[in-house]
Every structure is written in structure tokens, then in C-alpha cells.
1. Determine the order of Trp420, Trp45, Trp124 by accessible area, beginning with the largest, at a probe radius of 1.4 Å.
2. Given that just one value was derived from the coordinates, which of (i) 0.96; (ii) 1.04; (iii) 0.99 is Rg/Rh (Cα atoms, Kirkwood Rh)?
3. Please report the accessible area of Glu256 (heavy atoms, 1.4 Å probe, ligands and nucleic acids excluded) in Å², nearest 10.
4. Compute the length gained on full extension between Ser291 and Arg99: take 0.36 nm times their separation in residues and subtract their Cα-Cα distance, giving the result in nm to one decimal.
5. Relative contact order of the chain: what whole-number percent is it, with Cα pairs under 8 angstrom and at least 6 residues apart?
6. Grab the other residues whose beta carbon is less than 13 angstrom from that of Phe312, score K and R as +1, D and E as -1, and report the net.
7. Net charge near Ala36: determine it from the other residues with C-beta under 12 Å of the C-beta of Ala36, scoring Lys and Arg +1 and Asp and Glu -1.
8. Could you calculate the contour length gain from Phe134 to Ala321, that is, 0.36 nm times the residue separation minus the distance between their Cα atoms, to one decimal place in nm?
Amino acid sequence: MSSDTRIIEPKSPGDSAAGSRAQWSGKLAFVLAAAASAVGLGSMWRFPYLAAHYGGGAFLLLFVVFVFTLGISLLTLEVAFGRKTRQSAIGAYRQFGDRYSFIGVLSSAVPFIIAPYYCVIGGWVTKYAFAYVFDSPSAMADGGTYFSSFIANGPQSVSFMLVFLAVTFLTVALGVNGGIEKANLIMMPALIVMSIAVAAYTLTLPGALDGLVYYLKPDFSKFSIDLVVAALGQTFFALSIAMAIMVTYGSYVKSEVSIPTSSVQTAGMTLGISLLAGMMVVPAAFVAFGSGAAVAENSGPSLMFIVLPQVFENMGPVAGALGFVFFLLVFFAALTSAISLVEACTSILADALGAMRRRALVIVIVYMSVVGIVVALGYSGLSFIQPMGEGSTILDALDFVSNSVLMPAVALITCLFFGWIVKPRVIIDEIRRSSEFRLADAWSAMIKYVAPVCILVILVASIGKSLGFFSF
């Protein structure tokens, strides 16, 4: 333990702020909130198409390994950091000295970049949930024309985005306990039950069991550096790591809650719903296309909005009901994550500016509405803005900056900061206030050595591939 003897402690103890800061009512409330943040479009939309693209089982296996090693380690770190300082990211890092505030600023930039375009996609999901009630299922199953026409219709796209934003803002405005906690107590159980029901029905379709085998059976011939990078990146995206969210949510955690146990439960719930999402989508796509190769070829961001409506349309009289339930399910998942993004932004502003929570939320509402409108119009009136070259959109650029650059960079800096500057002992001591933490030495090694190397691989590979420096 000699490497941990020189420790930088925060200027003020975390409990000094606990009395005036909102807190989750208990461990269940925190786990549901953390899982709700993690279980969003990353699990319901991104995970299934990545699993389909990379041959199912091989991707699943690697993702599970990363979630229960790197993922849980970083999740534990961020939650404990938030609880110790009782601050969101900027204020939390500032407690260790003003020269470290820049880490909090970088971390806090992530939710401010992601939230507007995330809500645009949430608007797309909202539109499809409405469409399965008021339109014919065959209207959406036209090979992509319906979807393209919708996002190219500026007023309509913006309108559905604003509906999604309104529900998100209303929930956050009701507060940590009165809004976020109560919403999660309703939506998370509903999300789990609906996921199981839709997945079970999907597996009754002719040929779906062959799709399940394709989804679960590892095919190591598909193993590649690209697959490793995708699985690592999905681990960050799925667990809301390096987004300042878990630091904020950790700042609401009571001192007696076991952080390692809560982190394992959060990761387990997130993984379970991700696997269920894959069981809904991949076998259904297999039924539609008839082979794993065809599923992989048709996988991608369009899988949910273009391919799945074609699958539902072939299900006869249950097509409309199944399509509505599926997109309502995705709406719940998107909403729970959007709530956590807005809450993080609100808490960051309130802590950094010393502003009232209500005033901070108003600023966030105005910012997200304006930026969200710009992103939505990137497919219509502002489509001439192509930040990353011909054919790219404003959303593409924001997604690249946040997910491929800032998130891995923030995670890398965070590991270096706690591994080598303030030392792991600061976090270990905080965790041991409420639990034994028998794996402290293994966790320290992960934060100091393993995680930085893995994260550096993501950062270099993502940027290098996106800029065309190399391909794999």
C-alpha cells in the first residue's frame, strides 16, 4: 500500500453537504435510477444492432466480460466520488484543487452535448409509438421512405422532439424524489415486464429459434479488433460511464448504501435488459432475412426504424399492437436515460453557478430546446451543414465528439487522476464507510493499469478509424 500513502483529500468532507442536498430514499431507489440511466437507447437500440453486426455470441461474450470488469470498476469509482464530495462533476473535482476543475468541465460537457441529440432520437421513437396507434403498420414498412420523409419534415420532427422534451423536463422539475424516483419505480418494472413479453412472443415465430442460436452462440471467426473496440465502447455507452451522470447520482446516495453491491446490481440489470433487447430484435430480424449473414448485412442504426417495421408488418393482425408495445418500451427506455442527462445538466449548473435548481433547469430547458431544434433541422432545413464531410449531419458530429472523443478521454483522465494523483485510497475509504470492499486491491489495479490501457485503445481506434488513418 506504499503507493497510496500520499493522498490528496478534498477540501471539505462530503457529509457537510449531505444535509442540504437531495438524497435517494434508499438503495433500491438508487439502483433503479442508475439502471434507468444506463438502460436507454444504448441498450434498446444500439446493443441489438451491434450484436447482429458482429455475429451475436462473440460480441455478447466480450461485452459481458467488459461490463463485469472495466464497467463495474468505473461505475463504482464515479458513484463513490459523487457520494464523497456531494457535488456534481465540476464541483467534485474542484474540491481537490482548482487546477483539477478542467476534468470536471470536460466530463460535464458530455451530457450537454449528448442530451439534445438524444432527445431528437427520442422524438423519433415517440413518433413511431404514435404511428402504430393512428397509422397502418404497413405505412412504416416501406423500406425507409416513411422514416426518411418524417425526419426530413422539419416541423413534424421538431414537434415530436418537443413532446419528448416536455415529458422529460416535467419529470425532472418534480425533483429527485418526487419526479425521477417515482418515474423510475413505474417505468423500470414496466420496461422489464414488456421486454420479457415481447422477447417471449418473438421466439414463438417460425425460424426465430435459429435466430436465437445465431444471437447467443459465439462465432470466433468474427473476432476482430473492430469487435473489441465496439464491445468496449458499448460498455461505456450502456453504463452511462464518463458522462458526469453517475457522479451526480452518486452525490444523492446515502452514506449507509453499499456502493459495490449497488454497482453490481446496476450492471446486472443493464446487462439483462440489453440481452432481452437483443432477443427481441435479432431473432425477429433473422425471421425476416433468413440467415445470420443477411441480418449482419442489414444491421445498423436503421434497424429499429426501417427493418423492424417490416418485420412487424409480416405478423398479421398483431402487427399494430406489437409495434406499439415495442416502441412504447423503447420510449420508456429513452425517457429514463434522457431524465438522467437533464438531471445531470441541471445539477452541474446549480452546483457550478451557485444557482437555484429551478433557475438551472430553466437554463437547461432553453439550451436543449434550441440545440435540439438545430439538430432536428439538420435533416431538413439545415441539411447543408455537413460537419464531418459529405452526407454527414449535425447529429453525427455531436455523436462522434461525445462518444468517440470526450467519453473515452474523460474516462482515461479519471483513471489517471484517481490511480496516480489522488490515489485509489481516497475512493476505497469512501466505499468502506458502508461495505467491506474485499476486492479493493483488484479494483485499484484495474483503475491504475488495466482500464487506462483499454480506454486508450478505444480512443485511438475510434478517432483513427473515423478520420481514415487506418481501417480494421
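The values are calculated or read from the model by the stated rules, or taken from the named source; none is laboratory data. What you see is a predicted model; the values in this text were computed from it and never measured. Please note: Cβ atoms are built from the backbone with ideal geometry, for glycine as well, and neighbour counts cover all protein chains shown. Calculation scope for accessible area: heavy atoms of the full protein, side chains included, ligands and nucleic acids excluded. Shrake-Rupley method; radii C 1.70, N 1.55, O 1.52, S 1.80 Å.
1. Trp420, Trp45, Trp124
2. (i)
3. 130 Å²
4. In short, 63.6 nm is gained.
5. 33 percent
6. Cβ neighbours under 13 Å give a net charge of -3.
7. -1
8. Between Phe134 and Ala321, full extension yields 66.2 nm more.
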